Structures are given as C-alpha cells and as structure tokens.
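Here is the structure we will look at, set down as structure tokens.
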Amino acid sequence: MNLLWNSYGSSRIAGFASINYRLSPHPQHERWPSSLEDPSRNAVHPAHIRDVENALKYLEKAHQISDGYLLAGHSAGATLAFQVKASGLPKPLAVVGVAGIYDLALLIQNHQDQSIYETFVRGAFPDKTTWKDASPALSEQTDLLWREAKLVVISHSQEDGLVEVAQAERMLERARMFLGAESVLHFVEAKGQHDAMWEDGMPLAEVITNVVSLLDGVK
C-alpha cells in the first residue's frame, strides 16, 4: 500500500478494501487441518463467489464505488475476480488477475504427480460437473463482471513455481474472444515466486501500479 500511496497519493487513490471469503475444507492439512465445526473453513462452490459479491455490494452501499474501483485478485482470488457475475454489482474500472487459476482441469492435468492440486480443487469444487463453468477460461456465462470492465489485465510471473503460465495464456485466449478493442486487454509481467505476492506485497503493488498507468489511456 505504501508503494501505491507514494506513487499516486490522495489525488488518485481514495482507499483500499481487502475482501475476505470463506475457505474450503482441508481436514488433512499438515499444519492447520479444518474442522467440521468451523463455518469459515467449510465453504464449497459457489459460496466463495457469493462472499465476494456480497462484499462488493456492501462497498457500493457504503462508499459508492461503481465506475471508480479496481478489482484485483491473486491466485484463487484472481479466479474469483473472474467468476463473479455482474448482476447487481458495481461496475469496475478494471479487473486484474495475478497468478490466477482459470482452468481447473488443466491445473490438475499439469500437476498429476502432485496430489495436493486435485485435493484442493475437489475440496472447493466437489461436484466435478461444475468444473468447466467454474473455470473462467472455459465458462460460457455471458453476465460476468470482468466483461463490463474498461480494462482487463492478466498478470503472471515466469518465476512462479506453483501456478504455471499456461493458466494465464488460457485466460488471455478466452478474453480475446469477448473483448472487442485490443486496448481493453493487457498482459502485465509480474515478478517473484507465487507466495511473494502476499508475503512481501511489493510484486503485487508493482502490478497494480502498472494497471493504474494503463488506466490513464482508457476513456
């Protein structure tokens, strides 16, 4: 936040909001196994999406953010940013996905030797028939929020060791099918390992800084 504030200050940024959402069950987690009695750790699709949608509705009611906010998410947060529907939600200036998961089946396929990938996907999406429509790069839903944004940005780091760049490439390919003007869709290179985005915060701030600069050319 300091990087963003020092770069643009109060003339460009009115505030920051961190959206939380309930997690999916993971009773086999080595350090923090989930409990059936914990409602914050037993959410399954589409509960996560509803949490984000409710947060955006709250922000619109409290701060009138429509046409003036940037919706950004990292990893599963990026997936959610591209899953929420537009109906009843404030319209964003930009939607940004950083190191996102956009094709669930492809993620599992590319990590067949690491069972944890299928474990966490099935924990969040126990009904496999929902995987295609829940994957932003495959979904045929037409009322998604990202398709109403003035700017759509996909970001990924070549150093990311957990989510491969194929996810970003798949989402870019899908987005091109729906966004008419080339100026609407952009790829922004990120830096560092996957978890550096939230452990350090600086790589994510640099992506957001680039996105704000891109917004200068958007009418």
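The values are calculated or read from the model by the stated rules, or taken from the named source; none is laboratory data. Keep in mind the model is a prediction, meaning the values are calculated, not measured. No Cβ is skipped: glycine too gets one built from the backbone with ideal geometry, and neighbour counts run over all protein chains shown.
Yes or no: region 51-62 includes at least one residue that is under 20 Å from L204 (Cβ atoms), in contact with a Leu (Cβ under 7 Å, 6 or more places away or on another chain) and of a type outside the set (F, W, Y).
Scanning region 51-62 turns up at least one residue that is under 20 Å from L204 (Cβ atoms), in contact with a Leu (Cβ under 7 Å, 6 or more places away or on another chain) and of a type outside the set (F, W, Y).
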Does region 172-182 contain any residue that is touching a residue at least 40 places away in the same chain (Cβ under 8 Å) and of a type in the set (A, V, I, L, M, F, W, C)? no
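Residues being assigned to a loop (DSSP other than H, G, I, E, B) and of a type outside the set (D, E): count how many of those fall in region 81-104. Steps first, answer last, please.
Going through region 81-104, the residues assigned to a loop (DSSP other than H, G, I, E, B) turn out to be 82-84, 86-93, 99-103.
Keeping just the survivors that are of a type outside the set (D, E) gives 82-84, 86-93, 99-102.
Going through region 81-104 one residue at a time, the tally reaches 15.
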Name the single residue that is nearest to V165 (Cα to Cα) among those in region 86-124 being touching a helix residue (DSSP H, G or I) at 6+ places or on another chain (Cβ under 9 Å) and without any contact (Cβ under 8 Å) to a residue 12 or more places away in the chain. H111
Restricting to region 31-80, name every residue that is surrounded by 18 or more Cβ atoms within 10 Å (Cβ to Cβ), part of a loop (DSSP other than H, G, I, E, B) and either among the hydrophobic types (A, V, I, L, M, F, W, C) or modelled with pLDDT under 95 (or both). N42, A43, I65
Every pair of residues 6+ apart whose Cβ atoms lie under 7 Å, when the first sits in region 52-66 and is within 17 Å of Y21 (Cβ to Cβ) while the second is surrounded by 14 or more Cβ atoms within 10 Å (Cβ to Cβ) and of a type in the set (V, I, T): V52/I19; V52/V84; E53/V84; A55/I19; L59/I65
Filter pass, S183 being at pLDDT 95 or above and either over 17 Å from T79 (Cα atoms) or not β-branched (V, I, T) (or both): no
Q158 fails exactly one of (1) crowded, with 19+ Cβ neighbours inside 10 Å; (2) within 22 Å of S213 (Cβ to Cβ), namely (1)
Is it the case that some residue within region 137-160 is under 17 Å from the mean Cα position of the chain (by Cα), under 22 Å from H26 (Cβ atoms) and not charged (D, E, K, R)? no
Residue tally, condition touching a Pro at 6+ places or on another chain (Cβ under 9 Å) and either hydrophobic (A, V, I, L, M, F, W, C) or without any contact (Cβ under 8 Å) to a residue 60 or more places away in the chain (or both), over region 125-150: 5
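Name every residue in region 72-95 that is more than 24 Å from F120 (Cα to Cα) and within 14 Å of the chain's Cα centre (by Cα), in order of residue number.
The initial filter retains those residues of region 72-95 that are more than 24 Å from F120 (Cα to Cα), namely 86-95.
Across region 72-95, the qualifying residues are P92, A94, V95.
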Only residues that are surrounded by 14 or more Cβ atoms within 10 Å (Cβ to Cβ) and hydrophobic (A, V, I, L, M, F, W, C): list them for region 163-186, please. V163, A166, A168, M171, L172, A175, L179, V184, L185
State the number of residues belonging to region 183-209 that are without any contact (Cβ under 8 Å) to a residue 60 or more places away in the chain and aromatic (F, W, Y). 1
If the requirement is being at pLDDT 95 or above, out of contact with any Leu (no Cβ under 6 Å at 6 or more places or on another chain) and in a loop (DSSP other than H, G, I, E, B), which of these qualifies: E169, E189, E164? E164
Does M197 fit the bill of being at pLDDT 95 or above, under 14 Å from the mean Cα position of the chain (by Cα), within 27 Å of Q109 (Cβ to Cβ) and surrounded by 13 or more Cβ atoms within 10 Å (Cβ to Cβ)? no
